[in-house]
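The values are calculated or read from the model by the stated rules, or taken from the named source; none is laboratory data. Only a predicted model underlies this, so the values are computations on that prediction, with no experimental measurement involved. No Cβ is skipped: glycine too gets one built from the backbone with ideal geometry, and neighbour counts run over all protein chains shown. The protein model used for the area step is the full one, side chains on, heavy atoms only, and it has no ligands, DNA or RNA in it. Shrake-Rupley method; radii C 1.70, N 1.55, O 1.52, S 1.80 Å.
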Amino acid sequence: SCVPISTRPVPAVVRVRTQGASGSCGGQTEPDDHAIGRSRGGPSTKIHLACDGHGRPLTTVLTGGNTNDCTMFETVLAGVWFPPARPGRLATRPARVIADKGYSSRSIRAHLRRRGIRATIPERRDQRDGRARRGRAGGRPPAFDPVTYKRRNVVERCFNRLKQFRAIATRYDKTALSYQAMIDLATLTLWL
């Protein structure tokens with residue numbers, strides 16, 4: 001129920017200084033667009049989330065609402081860490097990734113194979129049709145386990161638990177830093 005890193009470069013985010021180095025934000029940087037994107041419904045923010053098998057958030061990344069999910073795959077997985085099963089350093093590689101069709105791409109699957117992470121990601125219809133059109137040259141379909149995929153609802157339930165916090169569901173925060181702080185508070189509450 002986690003999302004891993006890819007080897008493709010992540011698009012650079014333009015950042016501006018907030019409040020100065022000695023100001024209330026401690027000199028942290030703020031995205032130029034404050035994680036607000038334009039979409040059909042108007043201005044919106046998207047929360048990219050990875051959670052463990054128990055529905056506890058592991059990492060969150062904010063972007064504008066018009067940002068595609070699969071472009072943030074690497075960034076989300078880079079923030080994933082969890083206590084290992086045995087003593088030692090923290091684990092950053094999940095045993096399996098369960099994701100929806102938005103993460104169905106060759107680059108993501110190839111990256112997961114290189115890292116030795118099993119993937120349960122359904123193939124999009126257009127990818128299936130394109131492979132069928134190419135015939136034998138299209139290759140074989142990726143492995144998919146529908147029984148394991150039923151566990152993906154854990155991520156949706158995690159989002160629903162986060163949306164119970166009014167400040168997250170409505171986003172009246174002006175800056176992305178303050179909105180991320182509210183998400184962090186809600187995440188800590190879910191872990192307690």
Practice task
Mind jotting down the distance between the C-alpha centroids of segment 54-129 and segment 153-192, whole Å?
Solution key: 20
Exercise for the section: Provide the solvent-accessible area of Met72, counting protein heavy atoms only and rolling a 1.4 Å probe, rounded to the nearest 10 Å². Expected result: 20
Handout entry: P(r) histogram, all alpha-carbon pairs of segment 54-150 included - 5 Å bins from 0, percent
Key = 2, 11, 19, 21, 20, 13, 7, 4, 2, 1, 0
Practice task
With +1 on each Lys and Arg Cβ and -1 on each Asp and Glu Cβ, and nothing else charged, work out how big the dipole of segment 108-192 is about its Cα centre, in Debye to the nearest 20.
Solution key: 580
Practice task
Find out how many positive minus negative residues lie around Gly65, taking Lys and Arg as positive, Asp and Glu as negative, among other residues whose Cβ is under 9 Å from that of Gly65.
Solution key: +2
Completion exercise
Computed about the Cα centre, the charge dipole of segment 41-186 from +1 Lys/Arg and -1 Asp/Glu charges at the Cβ has a magnitude in debye, to the nearest 20, of 700
Exercise for the section: Could you look at segment 40-167 and say what percent of its accessible area is carbon and sulfur, using a 1.4 Å probe and all protein chains? Expected result: 50
Problem - Using a Förster distance of 25 Å, the FRET efficiency for Arg136-Ser107 (Cβ separation, nearest 0.05) - result: 0.65
Completion exercise
Most packed first (mean Cβ within 10 Å per residue), the peptides 74-80, 111-117, 130-136 order as 74-80, 111-117, 130-136
Handout entry: Per residue, in Å², the accessible surface of segment 64-149 once ligands and nucleic acids are set aside, probe 1.4 Å
Key = 64
